[in-house]
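Data first, discussion second: the structure below is written as structure tokens.
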Amino acid sequence: AHDQNTREVVKFLEKSDKVKKIFYPGLTSHPNHDVAKKQQLDPDGNPGYGGMLSIDLGSKERARRFVKNLKIFILAESLGGVESLICHPASMTHLSIPRDIRDQIGVTEGLLRLSVGIENIDDLLNDITTGLAAI
């Protein structure tokens, strides 16, 4: 359910002009796609890319407005449950790293990390739509 929901979320986000970049190993554009395709297999031997992805919305303000308008995705540093969670690494998990270094390694002020849960996909996409409409 994590994998399937995440694939649908990624397809949806790819259509938005408000998303500057998507980081997800299931995308052929991801630098580690080939490795993930070989290593991340389901019990039947098919590639599964999991429930994690990151998006860059371009600025801290755009990321803040997006997160503020979500109802299902919960702002949290823990990204391991079955519920949908979202994290702003620059102000949470990576805050202790100086900003210039964060920018160099891609942890920009507009970056958000999503852990897509097993909720109804229509509910998740509606939540994301609401968040995107706010930016």
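The values are calculated or read from the model by the stated rules, or taken from the named source; none is laboratory data. Since the structure is predicted, the reported quantities are computational estimates derived from the model, not experimental observations. Using ideal geometry, Cβ is built from the backbone for each residue, glycine included, and neighbour counts are taken over all protein chains shown. When the accessible area is computed, the model is the full protein with side chains, heavy atoms only, and any ligands, DNA or RNA have been set aside. Shrake-Rupley method; radii C 1.70, N 1.55, O 1.52, S 1.80 Å.
What aspartates and glutamates could a cross-link reach from Lys60, if we take a straight Cα to Cα line under 16 Å and drop same-chain neighbours fewer than 8 places away?
Leaving aside aspartates and glutamates fewer than 8 places away in the same chain, those within reach of Lys60 are Asp100, Asp103, Glu109.
By its C-alpha gyration tensor, with a ≥ b ≥ c as the square roots of the eigenvalues, how is the stretch 67-135 shaped: rounded for a/c under 1.5, else prolate for a/b larger than b/c, else oblate?
Verdict is prolate for the stretch 67-135.
Just check the chain against the gyration tensor rule for me: Cα atoms, a ≥ b ≥ c as the square roots of the eigenvalues, rounded for a/c under 1.5, and otherwise prolate or oblate depending on whether a/b exceeds b/c.
oblate
With a 1.4 Å probe and every protein chain left in place, work out the accessible area per residue of the chain in Å², rounded to a whole number.
Using a 1.4 Å probe on heavy atoms only, each residue of the chain averages 55 Å².
State the percentage of accessible surface on the chain attributable to carbon and sulfur atoms; use a 1.4 Å probe and exclude ligands, DNA and RNA.
So the carbon and sulfur contribution to the accessible surface is 51 percent.
Scan around Leu75 for amide H atoms under 5 Å from its own, H built in the peptide plane at 1.01 Å from N, and keep only partners 5 or more places away or cross-chain.
Ile86
Highest first, please rank the peptides 16-24, 89-97 by the mean number of other Cβ atoms sitting within 10 Å of their residues.
16-24, 89-97
Which aspartates and glutamates have a Cα lying under 15 Å from the Cα of Lys71, excluding residues fewer than 8 positions away in the same chain?
Reachable aspartates and glutamates: Glu83, Glu119, Asp122, Asp123, Asp127.
Toward the positive end of the charge dipole of the chain, about the Cα centre and with charges on Cβ (Lys, Arg +1; Asp, Glu -1), which of Leu95, Ile128, Ser16 goes farthest?
So the residue we want is Leu95.
For the stretch 9-24, just list the computed ³J(HN,Hα) in residue order, Karplus coefficients 6.51, -1.76 and 1.60, θ = phi - 60°, integers in Hz, with x standing in for Gly and Pro.
4, 4, 4, 5, 5, 4, 7, 8, 7, 8, 9, 5, 7, 10, 10, 7
Just add up the charged neighbours of Asp56: K/R +1, D/E -1, any other residue whose Cβ is under 10 Å from the Cβ of Asp56.
Surrounding charge for Asp56 is +2.
If you place +1 on the Cβ of every Lys and Arg, -1 on the Cβ of every Asp and Glu, and leave all else neutral, what size is the dipole of the chain about its Cα centre, to the nearest 20 Debye?
500
Considering only protein heavy atoms, with the full assembly of protein chains and a 1.4 angstrom probe, order Leu124, Leu75, Leu27 by accessible area, largest first.
Leu75, Leu27, Leu124
Order the peptides 114-121, 33-40 from the highest to the lowest mean number of other Cβ atoms within 10 Å of their residues.
Top of the packing list down: 114-121, 33-40.
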